[in-house]
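Here is the structure we will look at, set down as structure tokens.
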Amino acid sequence: MAAALASESIAVASDVPPKMKAWVYDDYGPVSVLRADDGVLVPEVEDQQVLVKVVAAALNPVDFKRRQGMFKSADSALPTVPGYDVAGIVIKVGSQVKNFKEGDEVYGDINENGLTHPKRFGSLAEYTAVEEKLLALKPQNLDFVQAAGLPLAIETAYEGLERAGFSAGKSILVLGGAGGVGSIVIQVAKHVFGASRVAATSSTGKLELLKSLGVDLAIDYTKENFEDLAEKFDVVYDSVGQGDKALKAVKEGGRVVGIWGALSPPGFVFLLTSNGGMLTKLNPFIEEGKIKPLVDPKGPFPFSQVIEAFTYLESGRATGKVVIYPIP
């Protein structure tokens, strides 16, 4: 794979065809509504956007929840090309773009507000149009597969910790520490915010992975209930939807932050606002090796196996991020 990633050719704007290959769904439903289409129009680039030749894309729970119609009242019109996370090469820039040029290797979450009118042309396609403010230069030490799996997860991790008032010297419990978001929360809490103690939950087979990410206390949720521990934490970051139990594990005066469902005070749920500036701010931690992306070992999945990749993600068995590469 390394050789292939190192030899990605840089297209130019004049090479862009009018139509592209993409995965599409025309109605909400299970994974079977997805279909491959080689006649999708390449999106137009607005003044503040760039056109990205997609090299790799990652799947997120928001992708399948959107496809299932969980927030269709605020969704964009169908048909939809899914995909939030992207890593690729800029091949065309809008007239008001200032920070990128053709040939730049970039990554990002292409939807500023993920649940409110997200883009109809997502990242599971040969090309996608993205506002420059949502992108950052790809970290130099990452290949496209690694970079594709980071944006939504690392932005969610950082914004959640920031909103919870997390700071140096505080302790944290991460629920779902081996997942796409949880694995990054562990690293961001420890290396960016300066956590004094990091605990996290996982199944038995993933405890060593948690320790390798820097966890001080790895909790096997199949054998013990984290909410019954004598130790309590300044912040509990719930990436798996166990809000009621999470509230029992937080110190008095602490916070519980969640990304799905509902939480009673002192807990709260937030919706990510995608921000390329946040990625730029975190790039040095990535390039220094303090934050490492976690790509599921079953991947990357080729573009032809997007249905299999979604099926795997929706099974709940994935470790880290499920990535699609190469595209197409």
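Whenever a residue of the stretch 107-134 is among the hydrophobic types (A, V, I, L, M, F, W, C), its partners that are part of a helix (DSSP H, G or I) and open to solvent by 20 Å² or more (accessible area, probe 1.4 Å), lying with C-beta atoms within less than 7 angstrom and at least six residues away or across chains, give the pairs L115/A74.
Among the residues making up the stretch 65-83, a single one is hydrophobic (A, V, I, L, M, F, W, C) and buried (at least 20 other Cβ atoms within 10 Å of the Cβ): V81.
Every listed requirement among (1) without any contact (Cβ under 8 Å) to a residue 24 or more places away in the chain; (2) of a type outside the set (S, T, N, Q); (3) outside any helix (DSSP H, G or I) is met by D234 save one, (1). The condition of being assigned to a loop (DSSP other than H, G, I, E, B), of a type in the set (D, E, K, R) and either open to solvent by 80 Å² or more (accessible area, probe 1.4 Å) or modelled with pLDDT of 95 or more (or both) holds for K223. Scanning the stretch 207-217 for residues that are closer than 16 Å to I172 by Cα and either more than 23 Å from the chain's Cα centre (by Cα) or of a type in the set (S, T, N, Q) (or both) turns up D216, L217. Out of V62, V86, report the one residue that is open to solvent by less than 50 Å² (accessible area, probe 1.4 Å) and assigned to a helix (DSSP H, G or I). V62 is the lone residue from the list that is open to solvent by less than 50 Å² (accessible area, probe 1.4 Å) and assigned to a helix (DSSP H, G or I). Residues that are touching a Phe, Trp or Tyr at 6+ places or on another chain (Cβ under 9 Å), part of a loop (DSSP other than H, G, I, E, B) and either among the basic types (K, R) or in contact (Cβ under 8 Å) with a residue 60 or more places away in the chain (or both) within the stretch 300-328 comprise P300, A318, Y325, P326, I327, P328, listed in sequence order.
For the criterion of being closer than 30 Å to Y28 by Cβ and out of contact with any Ser or Thr (no Cβ under 6 Å at 6 or more places or on another chain), K101 fails.
Looking across the stretch 29-49, the residues that are open to solvent by less than 80 Å² (accessible area, probe 1.4 Å) and of a type in the set (A, V, I, L, M, F, W, C) come down to V31, V33, L34, A36, V40, V42, V45. Within the stretch 104-141, the set of residues being farther than 25 Å from K65 by Cα and touching a Phe, Trp or Tyr at 6+ places or on another chain (Cβ under 6 Å) comprises E132, K138. With respect to the conditions (1) touching a helix residue (DSSP H, G or I) at 6+ places or on another chain (Cβ under 8 Å); (2) within 29 Å of G320 (Cβ to Cβ), D27 lacks only one, and its number is (2). L263 - would you say it is in contact (Cβ under 8 Å) with a residue 12 or more places away in the chain, aliphatic (A, V, I, L, M), open to solvent by less than 50 Å² (accessible area, probe 1.4 Å) and in a loop (DSSP other than H, G, I, E, B)? The answer is yes for L263. I'd like to know if the stretch 244-253 contains one or more residues that are buried (at least 21 other Cβ atoms within 10 Å of the Cβ), under 30 Å from A87 (Cα atoms) and touching a residue at least 12 places away in the same chain (Cβ under 8 Å). Checked against the condition, which is being buried (at least 21 other Cβ atoms within 10 Å of the Cβ), under 30 Å from A87 (Cα atoms) and touching a residue at least 12 places away in the same chain (Cβ under 8 Å), the stretch 244-253 yields no hits at all.
Counting only helices (runs of 4 or more DSSP H) that sit wholly inside the stretch 95-200, those with at least 1 residues that are open to solvent by less than 30 Å² (accessible area, probe 1.4 Å), more than 24 Å from V54 (Cβ to Cβ) and modelled with pLDDT of 95 or more are 151-163, 182-191.
The values are calculated or read from the model by the stated rules, or taken from the named source; none is laboratory data. Here the structure is a predicted model, which means the values were calculated and not measured. Don't worry about glycine lacking a Cβ; one is built from the backbone with ideal geometry, like all the others, and counts go over all protein chains shown. Side chains included, ligands, DNA and RNA excluded: accessible areas come from the protein's heavy atoms. Shrake-Rupley method; radii C 1.70, N 1.55, O 1.52, S 1.80 Å.
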